[in-house]
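Scroll down for the structure; my scribbles are underneath it.
The values are calculated or read from the model by the stated rules, or taken from the named source; none is laboratory data. These numbers were taken from a predicted model, which means no experiment stands behind them. We place every Cβ from the backbone using ideal geometry, glycine too, and count neighbours over all the protein chains shown.
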Amino acid sequence: MPALQTVTTPAELRSALAEARRQGQSVGLVPTMGFLHEGHATLIRRSAAENALTVVSVFVNPTQFAPTEDLAAYPRDLARDQTVAQEAGAALLFHPQPQDMYPPGHATSVSVAGLSTRVEGASRPGHFDGVATVVLKLLNLVQPTRAYFGEKDWQQLAVVRRMAADLFLNTEVVGVPTVRAQSGLALSSRNSYLSAERQAQAAVVSRALRAVQAAYAGGEQDAQALLAAGHAVLAQEPVDLDYLHLLDAELQPLQGQLTPQQAAQARLVFAGRLHAVRLIDNMPLVPGEQVQQGPTPGAPL
Ligand code: AMP
C-alpha cells in the first residue's frame, strides 16, 4: 500500500493532485472532521474501490459550530487518523488549519435555502450554512469525480445533494449507509464523550427507530401512533429528546395516515441528548425499500 501523503495548505493540496488530474485519473473525496472510526473507514474504502485516488479531509470546521457547541472539545487525533485513512486506501490526507480554509477577509458563504433551516437546521441555526460552505470549498479545491457522505447525517446529505445540483457541480455525490456498533448505536466521533456503559444506554436510539419500523410492519399506518412506539422505547433511558420525526423526501414531517408511497419514502430521524451528549440517528421507515438517499438532483423541494 503506498504511503499516505499529508498536506496542510490548499496550495499543497492542488499541487499534490496536479499529476492525477493531468493523467485524467478519477478522484474520490471523503470530507470528515477526523477522529476517524469504522464509519469513516467504510466511506474511504468505498471511495478507494471506485476511484484511482482518494483524498480524505480532516478539518473540524468552525463555521458549522454554534458558540455554545463543542468546537474546542471536539476529539482530535491526527496520527491515528493517518493510520485509519492509509489502511482504508486513501492516498492523500488534507489537514488544513482554520486560517487556511477561512483566510483573513473571507466574506463568502453558501446557504441552501429551506432545507437548511428545517429539522436539524432549526435546532442548530447556521449549522448547514457552515457545512455547505466548507463542502463547496473542499469540492472546489479537490474537484473530485465523486464525493462520499454518510447517511448518518441524513439532512447533511440532502443539503449537499441539493447544492451540487443547484450549482452544477461536476461531482457525483454518493451516500453511504450508516455503520453501527453491534448494539445498534450509530458510530460517531462524539460517542467518545460517553463511557462504555453510557454508549450501551445510547443503543436505545436505534432500538426506538426499529420499534417504529416494527410498528409499521405490524400494520400501524398513522404517523403519530408510529412515533409513539419510538417514544415508548426512548423512555427506557434518560434521553432528553430534541425531535423524533417521520420525514418525506423534502424533509417535511409526515402526519396522519401514511400511504404506501409515503411510507416507502419516509425517513425516521432522531436527535436528542443522553448525559448532555447530543446524538443523531435515522433509518428508513421500511427497511430495504428506500432507494432514494435524500432528495435527488432536480427533485422539487
Ligand atoms: P464527521 O467526521 O462526523 O463530520 O463525518 C464525516 C463523514 O462520515 C460524514 O459524511 C458522515 O455522515 C460520515 N459518517 C459519520 N459517521 C458515520 C457512520 N456511522 N456510518 C457512515 N458514515 C458515517
remark   = Going through the stretch 19-62 in order, the residues found to be in a helix (DSSP H, G or I), modelled with pLDDT of 95 or more, within 17 Å of residue 139 (Cβ to Cβ) and over 14 Å from the mean Cα position of the chain (by Cα) are 47, 50
Residue list for the stretch 9-57, filter: among the hydrophobic types (A, V, I, L, M, F, W, C), closer than 26 Å to residue 103 by Cβ and within 16 Å of the ligand (Cβ to nearest atom) = 29, 30, 33, 35, 55, 56
query = Identify, please: which residue in the stretch 184-205 is touching a strand residue (DSSP E or B) at 6+ places or on another chain (Cβ under 8 Å), farther than 19 Å from residue 243 by Cβ and not in a helix (DSSP H, G or I) and is, among those, farthest from the ligand (Cβ to nearest atom)?
reply = 194
ask   = Does residue 116 count as more than 14 Å from the ligand (Cβ to nearest atom), over 23 Å from residue 232 (Cα atoms) and either in contact with a helix residue (DSSP H, G or I) (Cβ under 8 Å, 6 or more places away or on another chain) or not in a loop (DSSP other than H, G, I, E, B) (or both)?
value = yes
message = Show the residue pairs meeting these rules: Cβ distance below 6 Å; 6+ apart or different chains; first residue within the stretch 22-41 and under 12 Å from residue 188 (Cβ atoms) and touching a residue at least 12 places away in the same chain (Cβ under 8 Å); second residue among the polar types (S, T, N, Q) and within 7 Å of the ligand (Cβ to nearest atom).
response = 35/189; 40/32
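May I ask you to verify whether residue 109 is in contact with an Asp or Glu (Cβ under 7 Å, 6 or more places away or on another chain) and part of a loop (DSSP other than H, G, I, E, B)?
yes
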ask   = Any residue in the stretch 161-183 that is touching a helix residue (DSSP H, G or I) at 6+ places or on another chain (Cβ under 8 Å), part of a helix (DSSP H, G or I) and free of Cβ contacts under 8 Å to residues at least 60 places away in the same chain?
value = yes
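To keep it simple, each residue is scored yes or no on (1) under 22 Å from residue 184 (Cα atoms); (2) at pLDDT 95 or above.
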position	(1), (2)
217	yes, yes
226	yes, yes
252	no, yes
299	no, no
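Of the residues that sit in the stretch 134-150 and are within 16 Å of the ligand (Cβ to nearest atom) and surrounded by fewer than 21 Cβ atoms within 10 Å (Cβ to Cβ), which one is nearest to residue 62 (Cα to Cα)? Before you say what the answer is, go through the steps one by one.
Taking the stretch 134-150 first, the residues within 16 Å of the ligand (Cβ to nearest atom) are 134-139, 142, 144, 146-150.
This time we only want the ones that are surrounded by fewer than 21 Cβ atoms within 10 Å (Cβ to Cβ), so: 136, 146.
Working: 136: 15, 146: 24 Å.
Among those residues, the one meeting the criterion is 136.
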